[in-house]
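Everything on this sheet refers to the single structure shown next.
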């Protein structure tokens, strides 16, 4: 049974507050309405689209926290960050990211997402990639969302830190990188 518009919009507002990174598609499934109905409801309620909600949360929470590079230089949108411990970013693969003849994402975009996340997770003003060992485990297609998860595996001596980044589409691994990061300060 479909909810009346007023009640649906109230519940929509609550649902987005509860899970701010939920997609319009997931909301449409949840409320059993069309994606267009969700978009119209969001517009009436002045709720921005997912990308803008993510950007807003990321800017508010991590703009002052990320030290090694400007937040705008991170490829993808940071959605979680604990310096020198872990970080998560998402990247929606669009037409700009893929080869035109087969809609497969260019590898350098996946690498850039992972590498910039490895830099962002470092709690230092200067963090540079010294070495990267990477492995692509499956092709990523246009329209897919890549979730990259970085964790600082070890804090090493001589101003080096190892960061492991694993990227997924849904729960399927698509990329793994072991990054040795040079940092200005020794931990």
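The values are calculated or read from the model by the stated rules, or taken from the named source; none is laboratory data. Predicted model only: the values in this text are computed from it and were never measured. With ideal geometry, Cβ positions are generated from the backbone for all residues, glycine too; neighbour counts draw on all protein chains shown.
Numbers for the structure displayed
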quantity	calculated
Number of positions in segment 157-187 that are without any contact (Cβ under 8 Å) to a residue 60 or more places away in the chain and not in a loop (DSSP other than H, G, I, E, B)	15
Filtered residue count, segment 169-179, keeping only those that are at pLDDT 95 or above and either within 15 Å of residue 133 (Cβ to Cβ) or surrounded by fewer than 18 Cβ atoms within 10 Å (Cβ to Cβ) (or both)	7
Qualifying strands (runs of 3 or more DSSP E) (wholly inside segment 64-156; at least 2 residues being modelled with pLDDT of 90 or more)	86-92, 127-136, 145-155
